[in-house]
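Enquirer: Here it is: the structure, laid out below.
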């Protein structure tokens, strides 16, 4: 992610071709099936988000990455959770708990699959 950004900013007149990253939903699904950590790091790179723990595999913390943003001159933090497989409403509740625990300003849930009805209802209650 950082290397690509640096190359694009330093050599804007050169066409950069990245090989091996998913370019469509089918490829993203294949990456998620093959390596959930690589999928998570790839998904986080799409929204310029720093992976939690510098891409180290470890105990599940509920944090895929941190997204920092500016709100009226104040830097704020969002927790990002990435799921490549089956998703459930309990994962939305877990993300909400992590946002509260980390005192983050918001949370993002990134998934390959469409949210379920119960997930949408839970999100409405949390908004």
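Read-outs: derived from the displayed coordinates by stated rules, not from any lab. Just so you know, these numbers come straight off a predicted model, no measurement behind them. So basically every Cβ, Gly included, is an ideal-geometry build from the backbone, and we count neighbours across all protein chains shown.
Enquirer: Rank these for me by crowding, 81, 45, going from fewest to most other beta carbons within 10 Å. Let's see the in-between values first.
Expert: Numbers: 81 23, 45 17.
Listed from fewest to most nearby Cβ atoms, that is 45, 81.
Enquirer: As a test of the formula, what do you get for the chain when each DSSP H run with n ≥ 4 contributes -39,500 (n - 2.57) and the sum is divided by the residue count, at 222 nm and rounded to the nearest 500 deg cm²/dmol? Mind dumping the intermediate values first?
Expert: Working: 5 runs with 53 residues, N = 127.
Helices in the chain give a 222 nm mean residue ellipticity of -12500 deg cm²/dmol.
Enquirer: Provide the FRET efficiency to the nearest 0.05 for the residue 12-residue 88 pair, computing r from the beta carbons and using R0 = 41 Å. Could the numbers behind the result be given before it?
Expert: Values: r = 43 Å, r/R0 = 1.05.
Efficiency, from the Cβ-Cβ distance: 0.45.
Enquirer: Between 0 and 90 degrees, rounded to the nearest ten: what's the tilt of helix 36-46 against the longest Cα principal axis of the chain?
Expert: 70
Enquirer: Computed from these coordinates, which is P(r) over Cα pairs in 10 Å bins from 0, in percent: (i) 11, 29, 32, 21, 5, 1, 0; (ii) 11, 37, 35, 14, 2; (iii) 11, 32, 25, 18, 11, 4, 0?
Expert: (ii)
Enquirer: Return the single residue from 112, 46, 31 with maximal mean-square fluctuation; model: Gaussian network over the chain, springs between Cα atoms under 10 Å.
Expert: 46
Enquirer: Could you work out the relative contact order of region 2-126, using alpha carbon pairs under 8 angstrom and six or more residues apart, expressed as a whole percent? The partial results should precede the final answer.
Expert: Details: 146 pairs, mean separation 23.4, N = 125.
Worked out over region 2-126, it gives 19 percent.
Enquirer: Now a separate question. Need one number: % antiparallel among DSSP beta bridges in the chain, to the nearest 5. Kindly include the intermediate steps, with their values, before the conclusion.
Expert: Working: 9 of 15 bridges.
For the chain, the DSSP antiparallel bridge percentage is about 60.
Enquirer: Also, quick follow-up: Using the 10 angstrom Cβ neighbour count as an exposure proxy, how do 110, 79, 47 rank, fewest first? Intermediate results must be reported in sequence, preceding the final value.
Expert: On the way: 110 17, 79 27, 47 13.
With the fewest neighbours first, 110, 79, 47 line up as 47, 110, 79.
Enquirer: Once both axes come from the Cα atoms, what is the angle between helix 25-34 and the longest principal axis of the chain, in degrees from 0 to 90, rounded to 10?
Expert: Long axis of 25-34 versus the principal axis of the chain: about 80 degrees.
Enquirer: With a 10 Å Cβ neighbour count serving as the proxy for reagent exposure, in which order, fewest first, do 11, 66, 52 appear? Could the numbers behind the result be given before it?
Expert: Details: 11 10, 66 16, 52 19.
Least to most surrounded, the residues fall as 11, 66, 52.
Enquirer: Also, I was wondering about something else. Would you mind telling me which residue in 65, 107, 117 has the biggest mean-square fluctuation in a Gaussian network model of the chain, where springs connect alpha carbons within a distance under 10 angstrom?
Expert: Among 65, 107, 117, the largest mean-square fluctuation in the Gaussian network model of the chain belongs to 117.
Enquirer: I want to check the label-to-label distance for residue 37 and residue 126. Put each point 7 Å from Cα in the C-beta direction and report it in nm to one decimal.
Expert: Each label point lies 7 Å from its Cα, and together they span 2.5 nm.
Enquirer: Considering only 23, 99, 14, give the residue with the highest GNM mean-square fluctuation for the chain, with springs between Cα atoms whenever their separation is below 10 Å.
Expert: 14
Enquirer: Using only Cα atoms and rounding to the nearest 10 degrees, what angle (0 to 90) does helix 89-101 make with the longest principal axis of the chain?
Expert: Helix 89-101 sits roughly 80 degrees off the main axis of the chain.
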